[in-house]
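To start, the structure itself, in structure tokens.
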Amino acid sequence: MKKTPPAASPDAYVAALTGWRREGVEALRAAVRAAASLDEVIKWGHLVYFAHGPVLLIRAEEARLLLGFWRGQRLRALEPRLRPGGKYEMASIELREGMALEGEILRRLVAEAVQLDERLGDPTRVARAT
């Protein structure tokens, strides 16, 4: 994967994409925004959504899109395609061209992820404290 400078804004991130990746990110982004009021920023080179701490990310790569949730391992009952990995109980769904995530499932994942963040606090701070 080529290293490129991070986008200046979330809108610029999406505008730089083409084809199915752009369509997929636009759909994910719209569903996330409809599900919860979160701060949307560019962090670590992709879209990251914050409440008290980071809640989820959307990352477009050359051959796939990743939808990752901090504390996502706790959400696997809602969506079994969530694959655990990394710190902070991360889990992500990999979407490739032609694959989709049902809107209602995504809304439920986002709502539950926000509730976990509200109840348990910033996952990155909790992890540092333990």
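The values are calculated or read from the model by the stated rules, or taken from the named source; none is laboratory data. Owing to the predicted nature of the structure, the values given are computational and were not obtained by experimental measurement. All Cβ positions, glycine included, derive from the backbone under ideal geometry; neighbour counts span all protein chains shown. Just so you know, the surface numbers come from the protein's heavy atoms only, side chains and all, with ligands and any DNA or RNA stripped out. Shrake-Rupley method; radii C 1.70, N 1.55, O 1.52, S 1.80 Å.
Below is a table of values for the structure above.
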{"read-out": "Residue-normalised accessible area of the chain, expressed per residue, 1.4 Å probe, Å²", "value": "57 Å²"}
{"read-out": "√(5λ) per eigenvalue of the Cα gyration tensor, the chain, largest first, Å", "value": "22, 17, 14"}
{"read-out": "Coil-residue GluC sites (Glu not before Pro) of region 1-110, DSSP, other Cβ within 10 Å capped at 13", "value": "E61, E62, E97, E102"}
{"read-out": "Value of relative contact order over the chain, rounded to a whole percent, pairs C-alpha under 8 Å and six or more apart", "value": "23 percent"}
{"read-out": "D (Stokes-Einstein, µm²/s), Kirkwood Cα radius, region 56-130, 1.002 mPa s at 20 °C", "value": "167 µm²/s"}
{"read-out": "Qualifying chymotrypsin sites (Phe, Trp or Tyr not before Pro) in region 22-130, DSSP loop, other Cβ atoms within 10 Å at most 12", "value": "W44"}
{"read-out": "Stretch in the chain that is longest and holds no trypsin sites (Lys or Arg not before Pro) that DSSP places in a loop and that have at most 12 other beta carbons within 10 Å", "value": "4-86"}
